[in-house]
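The values are calculated or read from the model by the stated rules, or taken from the named source; none is laboratory data. Just so it is clear, the structure is predicted and the values come from calculations on it, not from any experiment. Ideal geometry is used to build each Cβ from the backbone, glycine not excepted, and the neighbour counts take in all protein chains shown. Each accessible area value is taken on the protein alone, full model and side chains, heavy atoms only, with ligands, DNA and RNA left out. Shrake-Rupley method; radii C 1.70, N 1.55, O 1.52, S 1.80 Å.
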Amino acid sequence: MGDKLKVWVSRPFFPDIIARLAPVFDVHAELQSRAFSTDELVARLHGMAAAVTGLADRIDDRVLSRAPHLKFVANVSVGYNNFDIDAMRAHGVAASNTPDVLTDTTADYAWALLMAAARRVGAAERWLRAGHWQGTRFDEWLGMDLHGSTLGILGMGRIGQAIARRASGFDMRVIYHNRSRLDAGIEQSVNAHHVDKATLLRESDHLMLVLPLTAESHHVIGAAELAAMKPTATLVNIARGGIVDDVALAAALGEGRLAAAGLDVFEGEPAVHGALLALDNVVLSPHIASASGRTRRAMAALAVDNVLAFFGHGPHAGKPPSRII
Ligand code: DGY
């Protein structure tokens, strides 16, 4: 035990999977999921060579400068906006994420939110449960069609492409905007057309946000962008809180300038802005787009493989399968 390198695991990511670290490392795993302050992170990382972290664990200079033994951090998510990559580079700390294994599960969920929001599933269910259904009115609960409409995708990485592929079953026209345009062959295989951002906003009947949170993408959808969208449009955010200005979104939804929204992520989550909570035309979920049992286990397994590999163990020894830096 004494000679083993130490690894800290920030929450109970499937203990049977984390146990694969035990033959090699002295594993210090948290038994409960909770948020840690900088000081708490520093205390827990004391003497650790590696950490397995989640999105709530902010790894920045304030932490790294007080964690001199730390060499590798494996995030159990594809997004890593909780990492200050420049600070990690400066401190010589390497990192990994969990791409690919969650692509299809996350794309499925984006569609679940879109369908629920456009067809008003959440509000109708609440209404039914409240005992309001006294008989069917033909002109009630009218939603927006998906089939035959235009789907817009902002951010066209792996998950955006998986969302686009699913649109062919709904006979949709797919347009997208991305920093870099896809190769023609990929565009053709996902049946999506590149447009500028203004066209995307103007022409989308349903707009999906699938881009990482960076300094550039903060509030990429704010009051001006919402005003440029169709009042009949649906907006879905499965990417990150902070990409949308939640206050501006609540105002647009409340004033009928946007028909509906489906949100899995929020600015300042787990807190959700009260103005969103008060609206009936928004479907809200607690950041669960990747949450199928199989996928969440695959994410934890990939993080473990990355840690083992970084320190020269396991099937990928020396080559962490999804190293970021
Ligand atoms: C991710 O992987 O980035 C998700 O948002 C977390 O489940």
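Compute the length gained on full extension between SER65 and HIS132: take 0.36 nm times their separation in residues and subtract their Cα-Cα distance, giving the result in nm to one decimal.
18.3 nm
Straight distance only, please: which aspartates and glutamates reach the Cα of LYS230 with their own Cα at less than 17 Å, same-chain residues fewer than 8 apart left out?
Candidates past the 8-residue exclusion: ASP145, ASP196, GLU203, ASP205, GLU255.
Give me, ordered by chain and number, the residues 5 or more places off GLY241 or on other chains with an amide H under 5 Å from its own placed amide H.
Hits under the 5 Å cutoff: PHE266.
For LYS4, list the lysines whose Cα falls under 16 Å from its own Cα; do not include residues on the same chain fewer than 8 positions away.
Of all the lysines, those that pass the test against LYS4 - Cα under 16 Å, at least 8 places apart if same chain - are LYS71.
Using helices alone, what [θ] at 222 nm do you get for the chain, with -39,500 (n - 2.57) per DSSP H run of 4 or more residues, divided over all residues and rounded to the nearest 500?
So the helix-based figure for the chain works out to -9000 deg cm²/dmol.
Most fluctuating residue of HIS132, HIS147, HIS218 in a GNM of the chain with Cα springs under 10 Å: which is it?
Most flexible of the set in this elastic network: HIS132.
How much of ASP86 can a 1.4 Å solvent probe reach, expressed as accessible area in Å² and rounded to 10?
Roughly 110 Å² of ASP86 is accessible to a 1.4 Å probe.
What is the extension gain from LEU142 to ARG158, computed as 0.36 nm multiplied by their sequence separation minus the C-alpha to C-alpha distance, in nm to one decimal?
Fully extending the segment from LEU142 to ARG158 adds 2.5 nm.
Return the single residue from GLN134, GLN161, GLN188 with maximal mean-square fluctuation; model: Gaussian network over the chain, springs between Cα atoms under 10 Å.
Its mean-square fluctuation being the largest, the pick is GLN134.
Loop-only check: which trypsin sites (Lys or Arg not before Pro) in region 120-223 are DSSP coil with at most 15 other Cβ within 10 angstrom?
ARG137, ARG179, ARG181
What part of the accessible area of the chain, given as a whole %, is carbon or sulfur when the probe is 1.4 angstrom?
About 55 percent, which is the carbon plus sulfur part of the accessible surface.
So, R0 is 30 Å and r is the distance between the beta-carbons of HIS46 and HIS219; what FRET efficiency does that work out to, to 0.05?
After rounding to 0.05, the efficiency reads 0.25.
Among all the aspartates and glutamates, which ones have a C-alpha under 18 Å from LYS319's C-alpha, if same-chain residues fewer than 8 places away are not counted?
ASP100, ASP305
Rounded to the nearest whole Å³, what is the per residue volume of the convex hull around the Cα atoms of the chain?
Hull volume over Cα atoms, normalised by residue count, gives 152 Å³.
At a probe size of 1.4 Å, how large is the accessible area of LEU55, to the nearest 10 Å²?
Roll a 1.4 Å probe over it and LEU55 shows about 60 Å².
Can you compute the FRET efficiency between ASP39 and ASP280 using 1/(1 + (r/R0)^6), with r the Cβ-Cβ distance and R0 = 41 Å? Round to the nearest 0.05.
It comes to 0.50.
What's the center-to-center distance, using Cα atoms, between region 54-112 and region 271-286 in Å?
Centre-to-centre distance over Cα atoms comes out at 27 Å.
Using a 1.4 angstrom probe and counting only protein chains, how large is the accessible area of TYR109 in Å², to 10?
My reading of the accessible area for TYR109 is about 50 Å².
Quote to one decimal, in nm, the extra length available between ASP196 and HIS28 on full extension: 0.36 nm per residue of separation minus the C-alpha distance between them. Numbers along the way, then the final one.
On the way: separation 168, 0.36 × 168 = 60.48 nm, distance 4.83 nm.
Going from the current span to full extension adds 55.7 nm.
Kirkwood hydrodynamic radius, computed over distinct alpha-carbon pairs, for region 103-284: how many Å, to one decimal?
By the Kirkwood definition, the hydrodynamic radius is 16.5 Å.
At 1.4 Å probe size, with every protein chain present, just tell me what the per residue accessible area of the chain comes to in Å².
That works out to 47 Å² per residue.
Quick one: check the C-alpha center-to-center distance for region 119-149 versus region 175-247, whole angstrom.
First find each Cα centre; the distance between them is then 27 Å.
Give the calculated FRET efficiency between ARG294 and HIS273 to the nearest 0.05, with a Förster radius of 30 Å applied to their Cβ-Cβ distance.
Working: r = 32 Å, r/R0 = 1.08.
Efficiency for this residue pair is about 0.40.
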